[in-house]
Amino acid sequence: MRIRPNRRTLTAAIPTATMADIAFLLIIFFMVTTAYSLDRTALELPQTREQEQSPKGAALIVVAADDTFRFSAGETDAEPVTGLEGLAAGIRGVTAANRLHPFSIKADRNVKYRTIDAVLEQLRQAGAERITLLSRGEDTR
Amino acid sequence: MKLGRREVPAEIPTASMADVAFLLIIFFLVASFYSVTRGVQFSLPRHDESAFTVEPEAAVLIEVAPDSSLTVDGRPLALKELPGYLRPKLARNPGKPVIMRTALDAPYSAMTDVFDELRQAGVRNVVIPTQAELALYGLGGGAQ
């Protein structure tokens, strides 16, 4: 008996259809977990070992090294405000709508505590409760 | 004349889709890396509530000096010794309140360093009274 050699040709193609599935899955993951910065001011943040994610939509108070303030209610980019009075007006605007609205303080590590104390006092007077002091993790340099 | 019947393959080209997808992944990776949204959380006392609902002697009082040195319950203490000092107190009372008073001329990082150390030691009840609050309760002196 003569055995005919099997001449099935194998196509040299790499299946790439599933790669896009995985990639889109990762995209959705990053889209959900990414919280965009409301402020891009270059500051030297204090370093802490403990780090918690600040609540999404938290209002942001930025205190630069030269004691200038920027404020965002949590939806738009942070805008400069004039002194403590301008900041207090912004804070009151947020807490008037929702007293439990969370706040984040992004302050330079070299700022005098006097400024932070004044900011905390404004927050306390406005009735704010949930505060996050933004920091840099010890492992990220 | 006979026309040739070239077969058109019924395939959707998906190779470029993966390229676009990976480009987007890289964008979101970079965006998430650069956003500063992490830190240490605490609660300010409620508006209708006093900052000192506990007896001062029942709480640990930490004072941070302008040169970042610490005085804990009236005794000078190094930052590294703080967990050792607090551990027996927390073992007896896990809800032990700690009042932190930072000098106004101290750098902000001095306050966050102590706060971080307290959190590492397992202290959950940290009270950070403002100068106005301290003055209200007649405890404003000595923090300049």
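Quick check on the stretch A:65-77. Is at least one of its residues among the basic types (Lys, Arg) and touching a Phe, Trp or Tyr at 6+ places or on another chain (Cβ under 9 Å)? Walk me through how you get there before you give the answer.
Filtering the stretch A:65-77 down to residues among the basic types (Lys, Arg) leaves A:70.
Filter once more, so that each one left must be touching a Phe, Trp or Tyr at 6+ places or on another chain (Cβ under 9 Å): none.
No, because not a single residue in the stretch A:65-77 is among the basic types (Lys, Arg) and touching a Phe, Trp or Tyr at 6+ places or on another chain (Cβ under 9 Å).
Within the stretch A:85-107, count every residue that is farther than 11 Å from A:Phe69 by Cα and not in a helix (DSSP H, G or I).
Residues flagged as farther than 11 Å from A:Phe69 by Cα and not in a helix (DSSP H, G or I) within the stretch A:85-107 amount to 7.
Output the residues belonging to the stretch A:109-121 that are in contact with a strand residue (DSSP E or B) (Cβ under 9 Å, 6 or more places away or on another chain) and more than 7 Å from chain B (Cβ to nearest Cβ).
A:Thr115, A:Val119
If you go through the stretch B:87-109 one residue at a time, how many are within 23 Å of A:Arg136 (Cβ to Cβ) and either at the interface with another protein chain (Cβ under 7 Å from one of its Cβ atoms) or basic (Lys, Arg) (or both)? First the steps, then the outcome.
As a first pass, look at the stretch B:87-109 and keep what is within 23 Å of A:Arg136 (Cβ to Cβ): B:100, B:102, B:106-109.
Among the residues that remain, those that are also either at the interface with another protein chain (Cβ under 7 Å from one of its Cβ atoms) or basic (Lys, Arg) (or both) are: B:102, B:106-109.
Residues flagged as within 23 Å of A:Arg136 (Cβ to Cβ) and either at the interface with another protein chain (Cβ under 7 Å from one of its Cβ atoms) or basic (Lys, Arg) (or both) within the stretch B:87-109 amount to 5.
Could you please find all residues in the stretch A:122-136 being more than 7 Å from every other protein chain (Cβ to nearest Cβ) and within 21 Å of the chain's Cα centre (by Cα)? Give the steps one after another, and end with the answer.
Of the stretch A:122-136, the ones more than 7 Å from every other protein chain (Cβ to nearest Cβ) are A:122, A:125-126, A:136.
Result: A:Arg136, single match.
Could you go through the stretch A:91-106 and let me know if any residue there is under 20 Å from the mean Cα position of the chain (by Cα) and surrounded by fewer than 18 Cβ atoms within 10 Å (Cβ to Cβ).
For the stretch A:91-106, residues under 20 Å from the mean Cα position of the chain (by Cα) and surrounded by fewer than 18 Cβ atoms within 10 Å (Cβ to Cβ): present.
Kindly indicate whether A:Leu60 is closer than 30 Å to B:Leu24 by Cβ and either surrounded by fewer than 18 Cβ atoms within 10 Å (Cβ to Cβ) or not hydroxyl-bearing (Ser, Thr, Tyr) (or both). Spell out how you get there, then give the answer.
Numbers: closer than 30 Å to B:Leu24 by Cβ: yes; either surrounded by fewer than 18 Cβ atoms within 10 Å (Cβ to Cβ) or not hydroxyl-bearing (Ser, Thr, Tyr) (or both): yes.
In short, yes.
Considering (1) outside any loop (DSSP other than H, G, I, E, B); (2) touching a helix residue (DSSP H, G or I) at 6+ places or on another chain (Cβ under 6 Å), say which one A:Gln125 fails and leave the rest.
(2)
Residue-by-condition table, conditions (1) part of a helix (DSSP H, G or I); (2) more than 8 Å from every other protein chain (Cβ to nearest Cβ); (3) within 21 Å of A:Ala128 (Cβ to Cβ); (4) within 22 Å of the chain's Cα centre (by Cα):
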site: A:Ala13; (1), (2), (3), (4): no, yes, no, no
site: A:Met19; (1), (2), (3), (4): yes, no, no, no
site: A:Ile22; (1), (2), (3), (4): yes, yes, no, no
site: A:Arg40; (1), (2), (3), (4): no, yes, no, yes
site: A:Glu44; (1), (2), (3), (4): no, yes, no, yes
site: A:Gly57; (1), (2), (3), (4): no, yes, yes, yes
site: A:Ile61; (1), (2), (3), (4): no, yes, yes, yes
site: A:Ala65; (1), (2), (3), (4): no, yes, no, yes
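Look through B:Gln144, B:Gln120 and report the one residue that is within 28 Å of A:Val63 (Cβ to Cβ), more than 9 Å from chain A (Cβ to nearest Cβ), modelled with pLDDT under 90 and surrounded by fewer than 18 Cβ atoms within 10 Å (Cβ to Cβ). Lay out the reasoning, then the answer.
Working: B:Gln120 fails: more than 9 Å from chain A (Cβ to nearest Cβ).
Every option except B:Gln144 fails the conditions.
In the stretch B:4-33, how many are within 30 Å of A:His101 (Cα to Cα), at pLDDT below 75 and either in contact with a Cys (Cβ under 9 Å, 6 or more places away or on another chain) or more than 7 Å from every other protein chain (Cβ to nearest Cβ) (or both)?
Here the count works out to 1.
The values are calculated or read from the model by the stated rules, or taken from the named source; none is laboratory data. The structure presented is a predicted model; accordingly, all values stated were derived computationally and were not measured. Neighbour counts are summed over all protein chains in view; Cβ atoms, including those assigned to glycine, are modelled from backbone coordinates with ideal geometry.
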